[in-house]
1. When the chain is fully extended, how far beyond the present Cα-Cα distance does ILE32 get from GLU17, taking 0.36 nm per residue of separation?
2. For TYR83, list long-range residues whose amide hydrogen, built 1.01 Å from N in the peptide plane, is under 5 Å from its own amide hydrogen.
3. Suppose R0 equals 35 Å. What FRET efficiency, 1/(1 + (r/R0)^6) with r the Cβ-Cβ distance, do ASN84 and PHE48 give to the nearest 0.05?
4. When we measure straight from the Cα of LYS53, which lysines land under 16 angstrom away, once same-chain ones fewer than 8 places off are left out?
Amino acid sequence: MMFTRTSFLSKGQSTVEYLLLFAVMSAITISILGSDKFKQIIGQDSEFFVALKNYMEYSYRHGSPGSRDVSTTRSGGVHELYYNISKGVTHFFIPLDEYPKN
C-alpha cells in the first residue's frame, strides 16, 4: 500500500483531535465543578444535602416522612413513633397472656 502525501500528513490528525476534545471537556468540567453555584447545590453543607439530612433524620426519628421536628419528647411530651394519639395505644404489641414458665 502506497501512502500519498495527504494521507501521510493527516495520519495523526484524529489523535490530535481527540486530545483537543479531551482538553476542552476537561476545562468545561473543571469550570463547572469549581463554580460557586455548583458548590452551593452539591458541595459540602449544600442546601440540597442539608434538606436531605433533615428529612432523613426526621423520618428515622418519627417513623413518618417529613422534615419539621415539632416533637416535645425532651420536655415529657408524647413521641408519635411510639404512641398513636388518635387511637390511644402504643405501636408496640405484647402478648395477652404471660409466657409459660419452664
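Nothing in this text is a laboratory measurement; each read-out follows from the coordinates by a stated rule. Only a predicted model underlies this, so the values are computations on that prediction, with no experimental measurement involved. Positions of Cβ are backbone-derived with ideal geometry, glycine not excepted, and every protein chain shown enters the neighbour counts.
1. Roughly 3.1 nm would be gained on extension.
2. Counting only residues 5 or more places away or on other chains, the set is HIS91.
3. 0.60
4. Once the sequence-local lysines are set aside, nothing remains near LYS53.
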